[in-house]
Amino acid sequence: MKKVTVRVPATTANLGPGFDAFGCALSLYTDVTFEETDSGLEITGCDEAYTGPDNLAYTAYCAVLESLSEQVRGVKIHIDAHIPIGRGLGSSAALLVAGAMGANVLRGNKLSTQGLLNITNAMEGHPDNLAPAFFGGLTASMVDNGLPVCVNFPLHPDWEFLALIPDFELSTSFARSVLPAQLPRADAVYNIAHGALVLKALELGDEKLLRNAMQDRLHQPYRKNLITDYDAIEALVRTTGAAFCVSGAGPTLLCITLDERLEEKLAKKLPQITKANWQMLPLHIEFEGAKVICAE
Ligand code: HSE
């Protein structure tokens with residue numbers, strides 16, 4: 001095989017209290033095509049700033065070949081990204097997953113998905129976006145002895161996700177730099193308890209329980225100051241009964257509800273309470289993880 005296209009879903013990490021642990025795959029995708037050539041690297045379909053050898057799809061591609069002790073030959077990479085960059089919807093994880101899968105498929109599928117997850121987790125530093133990008137659905141992950149252990153959790157199929165995506169980016173490294181290194185024990189207990197109940201509420205389709213459980217003391221209180229009009233938007237969403245959290249490191253804000261009319265309810269009021277432009281993007285759960293959509 002010479003050419004392969006991998007489709008990877010967007011992911012929302014943390015889901016409130018599950019910092020660096022919980023994640024869910026969503027119905028928005030990045031497709032990446034890899035074609036082996038005789039020499040050189042060519043990357044198309046993205047901003048020129050991302051066409052060098054530090055492109056995440058390429059670095060993951062090379063890392064997989066290295067772990068197989070195989071030579072990196074020339075490769076053409078074409079990126080068709082629908083996951084917005086720097087918005088907390090797993091665009092970086094999607095590129096890492098695509099690169100790892102692309103290399104593995106082109107060289108005969110020698111590594112398992114867990115093997116690809118181990119390699120990409122060492123690059124990303126936390127598995128909460130990678131796990132749902134590989135496996136689909138809702139995942140919780142831990143890192144044990146340096147290796148990610150990820151499990152899927154049951155998820156009620158009727159949830160609607162409404163992503164509020166602003167017109168500004170927030171870098172994950174900056175959003176992590178504002179977090180305290182240590183927390184009071186009461187806050188740790190708060191997050192453990194709320195995290196467990198978030199998983200149960202998502203399984204049951206219990207919106208009231210989710211709304212109450214999806215609260216956090218580990219990262220959101222420190223990050224909300226980086227997100228324009230966070231408090232006003234949270235207050236507005238809470239009047240609708242939907243659950244609310246920061247998607248990943250932000251700045252996208254995520255509403256989770258059973259109400260199919262949530263977007264309609266927010267459409268008029270949201271622009272009135274904020275200075276930024278927020279795109280409202282309705283999304284569904286993606287139960288399938290990354291997959292090959294074309295191979296030649
Ligand atoms: N768990 C990560 C964070 C997700 O919140 O920083 C973003 O990569």
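The values are calculated or read from the model by the stated rules, or taken from the named source; none is laboratory data. Predicted model only: the values in this text are computed from it and were never measured. In this analysis, Cβ positions are derived from the backbone assuming ideal geometry, glycine residues included, and neighbour counts consider all displayed protein chains. To get the accessible areas, we keep the full protein, side chains included, count just its heavy atoms, and leave off ligands, DNA and RNA. Shrake-Rupley method; radii C 1.70, N 1.55, O 1.52, S 1.80 Å.
Straight-line cross-link reach from LYS291 at under 16 Å between alpha-carbon atoms covers these aspartates and glutamates, not counting any fewer than eight positions away in the same chain: ASP31, ASP80. Pairs over the 25 Å Cα-Cα cut-off, from the set LYS224/LYS265; LYS200/LYS269; LYS200/LYS275: LYS200/LYS269; LYS200/LYS275. Average 1/r across all pairs of distinct alpha carbons in segment 160-283, invert it, and you get the Kirkwood radius: 15.1 Å.
When a 1.4 Å probe is rolled over the protein heavy atoms, the share of accessible surface on the chain that falls to carbon and sulfur comes to 51 percent. Rounded to the nearest 10 degrees, the inclination of helix 185-204 to the longest alpha-carbon principal axis of the chain is 80 degrees. In plain terms, the bigger the Kirkwood radius, the slower the diffusion; for segment 1-158, with that radius from Cα pairs, at 4 °C and 1.567 mPa s, Stokes-Einstein puts D at 83 µm²/s. Take 253-262, 228-237 and order them by the average number of nearby Cβ atoms within 10 Å per residue, most first; the result is 253-262, 228-237.
Applying the Karplus relation 6.51 cos²θ - 1.76 cosθ + 1.60 with θ = phi - 60° to segment 212-226 yields 3J(HN,Hα) values of 6, 7, 7, 9, 8, 10, 9, 9, 4, x, 8, 8, 4, 5, 8 Hz, where x marks Gly and Pro. Residue by residue, segment 125-138 carries 3J(HN,Hα) couplings of x, 7, x, 5, 8, 4, 4, x, 5, 6, 9, x, x, 9 Hz when phi is fed to the Karplus relation 6.51 cos²θ - 1.76 cosθ + 1.60 (θ = phi - 60°); x denotes Gly or Pro. Over the chain, the reciprocal of the mean inverse Cα-Cα separation, the Kirkwood hydrodynamic radius, stands at 19.5 Å.
Tell me the angle of helix 113-124 to the major Cα principal axis of the chain, expressed in degrees between 0 and 90 and rounded to the nearest ten. The two axes meet at around 70 degrees.
Per-residue ellipticity at 222 nm, computed for the chain from helices alone with -39500 (n - 2.57) per DSSP H run of at least four residues, works out to -10000 deg cm²/dmol. When each of the peptides 14-20, 110-116 is scored by the mean number of other C-beta atoms lying within 10 Å of its residues, the order from highest to lowest reads 14-20, 110-116. In a reduced charge model with +1 at each Lys and Arg Cβ and -1 at each Asp and Glu Cβ, segment 160-283 shows a dipole moment near 360 debye about its Cα centre. Mind pulling the angle between the C-alpha long axis of helix 56-67 and the longest principal axis of the chain? Nearest 10 degrees, somewhere in 0 to 90. The two axes meet at around 50 degrees. With the whole protein complex present, GLU48 retains an accessible surface near 150 Å², based on a 1.4 Å probe.
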